[in-house]
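The values are calculated or read from the model by the stated rules, or taken from the named source; none is laboratory data. Since the model is a prediction, treat every value here as computed from it, not as a measurement. Positions of Cβ are backbone-derived with ideal geometry, glycine not excepted, and every protein chain shown enters the neighbour counts.
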Amino acid sequence: MPTFETVRFGELNYREQDVVRLPGGLIGLPDLQRWLILDMGDELPAKWLQSLDRNDFGVPVMQPYFYTDDYDPAIPESVRQIIGSDSDQNLVTLVITTVHDGGAKMTGNLLAPLIIDTESRQGIQLTLDDSRYRIRQEIDYFKFGLAVSPESLDNDVPAEGALQQTDRTAKETETVEL
């Protein structure tokens, strides 16, 4: 089993089939193409997108549900071909999240979501030109609070598909719903 030493989480064990590939990288970071999706703990609905091409780089990601109820970016056919998807059922949308100083504010970039096919494990950072969405959309703190509250086990967070992710605590991989 391959291992990877990260600055944030130390040594991780992962399987090659756990790797998410973004052939174009992220905007401004085209060389970062291999990624793991790490669990940030049961108490948080966020995941950590860790680069396997640069051990000191990763970003938190979340489902768009935590930002808006009506997020529905159009996914062009050319994007579907790049990621090898012929079905919306296999697509997961993740929003890169920024936790501002002190953690008092969280925003997500709804104009540049990550679209990942759960079967091919290929993805792309899509850039949208849609006035309904913002680069710094503030999170819906009520929904986020329900998701992190231990009293709220039935919080109705929608599952957008399963991806293998590395559980950074156990240093193993497991299937989880994103």
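Some notes on this structure:
- Filter result for the condition that a residue is under 20 Å from residue 119 (Cβ atoms), touching a residue at least 12 places away in the same chain (Cβ under 8 Å) and either surrounded by fewer than 17 Cβ atoms within 10 Å (Cβ to Cβ) or touching a Cys at 6+ places or on another chain (Cβ under 8 Å) (or both), over 89, 81: 89
- Residues satisfying the stated conditions in the range 112-140, i.e. touching a Pro at 6+ places or on another chain (Cβ under 9 Å) and either of a type in the set (Phe, Trp, Tyr) or free of Cβ contacts under 8 Å to residues at least 40 places away in the same chain (or both): 133
- Whether a residue is part of a strand (DSSP E or B), closer than 30 Å to residue 16 by Cβ and at pLDDT 60 or above was assessed, and residue 107 does not pass this test.
- Any hit, the range 138-158, residues being modelled with pLDDT under 60, farther than 23 Å from residue 26 by Cα and within 13 Å of the chain's Cα centre (by Cα): no
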